[in-house]
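Here the structure comes first, spelled out in structure tokens, and everything after it is commentary.
Any read-out appearing in this document is the output of simple, stated calculations on the displayed coordinates, not a laboratory observation. Just so it is clear, the structure is predicted and the values come from calculations on it, not from any experiment. Here the Cβ positions follow ideal geometry from the backbone for every residue, glycine too, while neighbour counts run over all protein chains shown.
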Amino acid sequence: MSDLDSGPRVLPEPGATPKASIWLRGLMMLIFAILIGLAQTILHAPTIVQFVLMLLDKGKPNARIAAFGKDLGGWLSKAAAYQTAQTEAKPWPFEG
């Protein structure tokens, strides 16, 4: 019996995860959910420090804290894209 005789073949949607690895993806999503929560908690400290420094320095933000916030925001964006299956690319520390 040929492939033509077996009826139409349904192709997976682009970016769809094969069933064999769906549980691994679920585990990774759980890990990233925990890491996102941790990242949000970590963000509170530099936010408070930045505010205090801006109060003391006439509204001028600290460049290092601002850069840290930008980097953390980029990571959160990548993690959210993975969490919502917009991409299969995992952010640090599992990228690759």
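Looking only at the stretch 72-96, which residues have a backbone nitrogen under 19 Å from a spot 7 Å from the Cα of His44 in the C-beta direction? Counting backbone N atoms under 19 Å from the label point, the list is 72-73, 76. For the stretch 38-84, trypsin sites (Lys or Arg not before Pro) meeting the loop criterion (DSSP other than H, G, I, E, B) and having at most 10 other Cβ atoms within 10 Å: Lys58. Residues whose amide H falls under 5 Å from that of Lys90, counting only those 5 or more places apart or on a different chain, are Gly96, with hydrogens built in the peptide plane. Checking every one of the chymotrypsin sites (Phe, Trp or Tyr not before Pro) in the stretch 20-96 against DSSP loop status and a limit of 15 other Cβ atoms within 10 Å picks out Phe94. Distance between the pseudo-spin-label points of Trp75 and Glu95 (7 Å out from Cα toward the beta carbon): 1.1 nm. Shape class of the stretch 21-83 from the Cα gyration tensor (axes a ≥ b ≥ c, square roots of the eigenvalues): prolate, since a/c reaches 1.5 or more and a/b is larger than b/c.
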